[in-house]
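The values are calculated or read from the model by the stated rules, or taken from the named source; none is laboratory data. Worth saying up front: this structure is predicted, and the values here are computed from it rather than measured. Using ideal geometry, Cβ is built from the backbone for each residue, glycine included, and neighbour counts are taken over all protein chains shown. These accessible areas exclude ligands, DNA and RNA; they are computed on the full protein's heavy atoms, side chains included. Shrake-Rupley method; radii C 1.70, N 1.55, O 1.52, S 1.80 Å.
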Amino acid sequence: MGKNLTTDIEGIIRELNISEEEVLYPFYEAVVNSIQAIDERKNCSDGKISVYIERDKNEQSLFEQYSQYPISSIRIVDNGIGFTSANYESFGKAHSTKKVHLGGKGLGRFAILSVFNTIEIKSITNGDPNNLISFSLSRKDGLSDPVQTTTKNKVQTEIKMSNLNSRFKLATAKYSQEDIADSILAHCLLYYLNDSAPQIEIIEDGLVINLSNQFSPTDFIKHKYIEKLGEYEFTLYFVRNDKIKAHEYCLCGHNRKVKGKKVETILPIFSSKVKDNEQTYFIQIYVVSVYLDGIVNMSRNEFRFPKSSNTKEESPKIDYHDNYKLVVESDIEQVVINAVLNKYTDIIDSRKAAIKQKVSVYLSSDEGLEYRHLNPDDTFYSSIPDDVDEKKLDDILHTYQYKRSKEARKKRDKLFSRDYSNKKDYQNLLKEVVDITTSEGNSRLAQYVAHRKTIISLLEKYLEWSDNNNNYEEEATLHNLIYTMGGNQDTIVYDKHNLWLLDDRLTFHRYIYSDKQIKLHEPVEGASSCKKETDIAIYDKSFYYGEKNDYEEINSVVIFEFKRPDRVVTYEEFSKQMREQIWGIRESKLTDDNQKHIQTSAKTPIFFYYVCDVNAYAILKQSAEMEGFNETPYKSLIRLSNTNVYQEIVTYQTLIVNAKRRNKIFFKKLGIE
């Protein structure tokens, strides 16, 4: 036997690309190699592996941060078959195929060299007398010449990994002896599940952790589940694990855990602990299959799943007999879901019932109003964590609503594009679209009505707070609650303002201007010289069907003036302000959308509303009644002049009362009175 490793070590190490998170993975694989070496040594009933951890106690700063020092070396001692001539020859070949039937990639020593710069090996193999071979492999010098002799010592192999790569110091300091023991157990658990694991000890500073004492299959294996995808059988072991913080499923390759994920990522309802005989715990599910053995990558830290099932369908029906590559990761995830639903039916049903109740209560509340139309199917409830709170539930419902809306758009597009084959398909599709559209419309209407309820409540609270604190200085707050100051019909769409508080007929009026000089209003721009600012001016335009006219006729003008509560006003001030604004409108020549002038007449009706608090109303009332105003049963003062001007003085309190009355039936139907 001689020095014959001529491969590019650095090139292979770069290709393996071991990360800080995977720092001890090559070491775990070395433990697996020891298990396989014991299996290869026939009739070895007392197989044993001892792992010795040494730390660099000069790194005081890392000790202070993580309560342990970084690892300086790891020594693995086993009584397996050792480095026979055949095994040494295989060790000298990169990508050796000697252990391919066991999932060996022939790259384990290069993975170790990614983390530790030096590997030293002493191996005693069976003979008469026994044979001892010593050699080393380093990242710098490659494979050394072996030193061979005979010995009377028993069969044993010692592998020492030392000279830690400096970039991994911090990463190794995060692992305590117990962490390492747990990780080896998790990595090699399938050997324990199959009752084929030798005795494994983790030793540090004289303290010994025996993994056989950590795990007993009869105590921890809860269930076993088998399902086939085509010709491939998938076996799932359900194992109790008191040290994990969430249910986990692990995809395994060649008796090793390769990839783990939380079960709740694919089945959210299975998120909290299960209860068994008054004990609660999390479950770790190990997924084993020859199929997974065949697609694990060289580093054995990932699977080479096909990217898709070669079909554009959203939920394809796959014939797995056609091609094993059609088994994608999502298919295996579905197997895990099926297994959990099968083994924990009662728990899932109980959680689903509790979630349905929680969803029902939320949908009955004001917060859940917009989702009431969804009518979720049974699978929806499985997508909700059983410990969900209101905020998370709202997020889930919002996502579900978006998904349903997207599906609805697809069906509408299909209907409108006549993408159906016969009359029956058309009728079924039409019914679906009508039902969906009706539900969505009801939801939007409910949201809008709830919005009105909120605005009325806000206006009440504002007036109540201002009255209690004798502070009405924030006039802009009141103004913006009804209509944003400086806004117009181009900047604020009809369902985003609250002019319905004043009059529902104003919701769809064409031109609306807030806090602008009359001469800048679009219909009178350039035609009026009035610089008086109205709080809100509304221009109502009619649209005619039939014979085309060369102009649009202005039907009416509505002006609102808001007065800050607790502000002293006089009838003379009111009258002067009203006259100036009306004259500003009367003198103008309005323009249409094409900038053509439209002559207004003295007959164009103008509606002028003056909104104030009850104190100002009481002051204005006496003079107003002397000037021809009459008080209505709804606590407002009205006057209709012979110049086609309608005038009304109304209080904020009256606005609230009337708005409540007009919307009461809608609030009652939605249960939000």
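Is it the case that some residue within the stretch 207-228 is more than 15 Å from ILE49 (Cα to Cα), without any contact (Cβ under 8 Å) to a residue 24 or more places away in the chain and basic (Lys, Arg)?
yes
Among the residues of the stretch 216-234, is there at least one that is open to solvent by less than 30 Å² (accessible area, probe 1.4 Å), within 37 Å of the chain's Cα centre (by Cα) and at pLDDT below 90? Please lay out each step first, then the result.
Taking the stretch 216-234 first, the residues open to solvent by less than 30 Å² (accessible area, probe 1.4 Å) are 229-230, 234.
Applying the additional criterion that residues be within 37 Å of the chain's Cα centre (by Cα) yields 229-230, 234.
From what's left, at pLDDT below 90: 230.
Yes, the stretch 216-234 contains at least one residue that is open to solvent by less than 30 Å² (accessible area, probe 1.4 Å), within 37 Å of the chain's Cα centre (by Cα) and at pLDDT below 90.
Scan the stretch 116-134 for residues that are in contact (Cβ under 8 Å) with a residue 40 or more places away in the chain and either within 15 Å of GLY92 (Cβ to Cβ) or in contact with a strand residue (DSSP E or B) (Cβ under 7 Å, 6 or more places away or on another chain) (or both) and jot them down. Walk me through how you get there before you give the answer.
Taking the stretch 116-134 as the starting set, the residues that turn out to be in contact (Cβ under 8 Å) with a residue 40 or more places away in the chain are 116-120, 123-126, 133.
PHE116, ASN117, THR118, ILE119, GLU120, SER123, ILE124, THR125, ILE133, listed by residue number.
List every residue pair whose Cβ atoms sit under 6 Å apart, with the two residues 6 or more apart in sequence or on different chains, where the first one lies in the stretch 568-579 and is among the β-branched types (Val, Ile, Thr) and the second, anywhere, is assigned to a helix (DSSP H, G or I) and open to solvent by less than 20 Å² (accessible area, probe 1.4 Å).
Here the result reads VAL569/ALA616, each pair linking the stretch 568-579 to a residue that is assigned to a helix (DSSP H, G or I) and open to solvent by less than 20 Å² (accessible area, probe 1.4 Å).
What is the number of the single condition among (1) open to solvent by 50 Å² or more (accessible area, probe 1.4 Å); (2) in contact (Cβ under 8 Å) with a residue 12 or more places away in the chain; (3) of a type in the set (Ser, Thr, Tyr) that TYR237 does not meet?
(1)
Are any of the residues in the stretch 195-210 within 34 Å of the chain's Cα centre (by Cα), over 20 Å from PRO26 (Cα atoms) and part of a strand (DSSP E or B)? First the steps, then the outcome.
Quick first cut of the stretch 195-210, residues within 34 Å of the chain's Cα centre (by Cα) only: none.
No, the stretch 195-210 has no match at all.
Please verify whether THR484 is open to solvent by 60 Å² or more (accessible area, probe 1.4 Å), touching a strand residue (DSSP E or B) at 6+ places or on another chain (Cβ under 7 Å), closer than 19 Å to PHE562 by Cβ and at pLDDT below 70, treating the condition exactly as stated.
Values: open to solvent by 60 Å² or more (accessible area, probe 1.4 Å): yes; touching a strand residue (DSSP E or B) at 6+ places or on another chain (Cβ under 7 Å): yes; closer than 19 Å to PHE562 by Cβ: yes; at pLDDT below 70: yes.
When the stated conditions are applied, THR484 passes them.
Name the one entry in ALA173, ALA181, ALA111 that is in contact with a Leu (Cβ under 6 Å, 6 or more places away or on another chain), small (Gly, Ala, Ser) and closer than 30 Å to VAL287 by Cβ. Give the derivation first.
Working: ALA173 fails: closer than 30 Å to VAL287 by Cβ; ALA181 fails: in contact with a Leu (Cβ under 6 Å, 6 or more places away or on another chain).
Criteria check complete, one pass: ALA111.
Taking the stretch 581-616 only, how many residues are modelled with pLDDT of 80 or more and either touching a Pro at 6+ places or on another chain (Cβ under 7 Å) or not small (Gly, Ala, Ser) (or both)? Walk me through how you get there before you give the answer.
We begin by selecting, within the stretch 581-616, every residue modelled with pLDDT of 80 or more; these are 605-616.
If we keep only those that are either touching a Pro at 6+ places or on another chain (Cβ under 7 Å) or not small (Gly, Ala, Ser) (or both) too, we end up with 605-615.
Qualifying residue count for the region: 11.
Any idea how many residues of the stretch 59-79 are among the hydroxyl-bearing types (Ser, Thr, Tyr) and modelled with pLDDT of 90 or more? Show your work before the answer.
Step one: of the stretch 59-79, the residues among the hydroxyl-bearing types (Ser, Thr, Tyr) are 61, 66-67, 69, 72-73.
Right, trim to modelled with pLDDT of 90 or more and you get 72-73.
Looking only at that region, the number is 2.
If PHE667 satisfies every condition in (1) open to solvent by 20 Å² or more (accessible area, probe 1.4 Å); (2) part of a helix (DSSP H, G or I); (3) touching a helix residue (DSSP H, G or I) at 6+ places or on another chain (Cβ under 8 Å) but one, which is the exception?
Unmet condition: (1).
Any chance the stretch 80-93 includes a residue that's at pLDDT 85 or above, open to solvent by less than 20 Å² (accessible area, probe 1.4 Å) and either of a type in the set (Val, Ile, Thr) or outside any helix (DSSP H, G or I) (or both)? Show your work before the answer.
Residues of the stretch 80-93 that are at pLDDT 85 or above, as a first pass: 80-89.
Subset that is open to solvent by less than 20 Å² (accessible area, probe 1.4 Å): 80, 82, 88.
If we keep only those that are either of a type in the set (Val, Ile, Thr) or outside any helix (DSSP H, G or I) (or both) too, we end up with 80, 82.
Within the stretch 80-93 (the criterion being at pLDDT 85 or above, open to solvent by less than 20 Å² (accessible area, probe 1.4 Å) and either of a type in the set (Val, Ile, Thr) or outside any helix (DSSP H, G or I) (or both)), the answer is yes, since at least one residue qualifies.
Among the residues of the stretch 146-154, is there at least one that is closer than 19 Å to ILE112 by Cα and basic (Lys, Arg)? Walk me through it before giving the result.
Here is the first cut: in the stretch 146-154, the residues closer than 19 Å to ILE112 by Cα are none.
No, the conditions are met nowhere in the stretch 146-154.
Kindly indicate which of ASP535, ASP540, ASP550, ASP566 is open to solvent by 10 Å² or more (accessible area, probe 1.4 Å), within 26 Å of LEU481 (Cβ to Cβ) and modelled with pLDDT under 50.
Working: ASP535 fails: modelled with pLDDT under 50; ASP550 fails: within 26 Å of LEU481 (Cβ to Cβ); ASP566 fails: modelled with pLDDT under 50.
Sole residue among the options that is open to solvent by 10 Å² or more (accessible area, probe 1.4 Å), within 26 Å of LEU481 (Cβ to Cβ) and modelled with pLDDT under 50: ASP540.
Being among the polar types (S, T, N, Q) and either open to solvent by 70 Å² or more (accessible area, probe 1.4 Å) or part of a helix (DSSP H, G or I) (or both) is the filter; apply it to the stretch 150-178 and report the residue that is nearest to GLN36 (Cα to Cα). Even if it seems obvious, please write down each step before you answer.
Restricting attention to the stretch 150-178, the residues satisfying the condition of being among the polar types (S, T, N, Q) are 150-151, 153, 156-157, 162-163, 165-166, 172, 176-177.
When the remaining residues are screened for being either open to solvent by 70 Å² or more (accessible area, probe 1.4 Å) or part of a helix (DSSP H, G or I) (or both), the result is 150, 153, 163, 166, 172, 177.
On the way: THR150: 24, ASN153: 22, ASN163: 26, SER166: 31, THR172: 26, GLN177: 23 Å.
Selected residue: ASN153.
Can you tell me which residue in the stretch 249-301 is farthest from GLU227 (Cα to Cα), limited to those that are of a type in the set (Lys, Arg) and part of a strand (DSSP E or B)? Steps first, please.
To start, the set of residues in the stretch 249-301 that are of a type in the set (Lys, Arg) comprises 256-257, 259, 261-262, 273, 275, 300.
With part of a strand (DSSP E or B) added as a condition, the list becomes 256-257, 259, 261-262, 275.
Numbers: ARG256: 20, LYS257: 19, LYS259: 20, LYS261: 20, LYS262: 20, LYS275: 25 Å.
Top of the filtered list is LYS275.
Can you list residue pairs whose Cβ atoms sit under 8 Å apart, with the first residue in the stretch 335-358 being basic (Lys, Arg) and the second being modelled with pLDDT of 95 or more and open to solvent by 30 Å² or more (accessible area, probe 1.4 Å)? Count only pairs 6 or more apart in sequence or on different chains.
Once the first residue is basic (Lys, Arg) and sits in the stretch 335-358, its partners that are modelled with pLDDT of 95 or more and open to solvent by 30 Å² or more (accessible area, probe 1.4 Å) give LYS343/TYR225.
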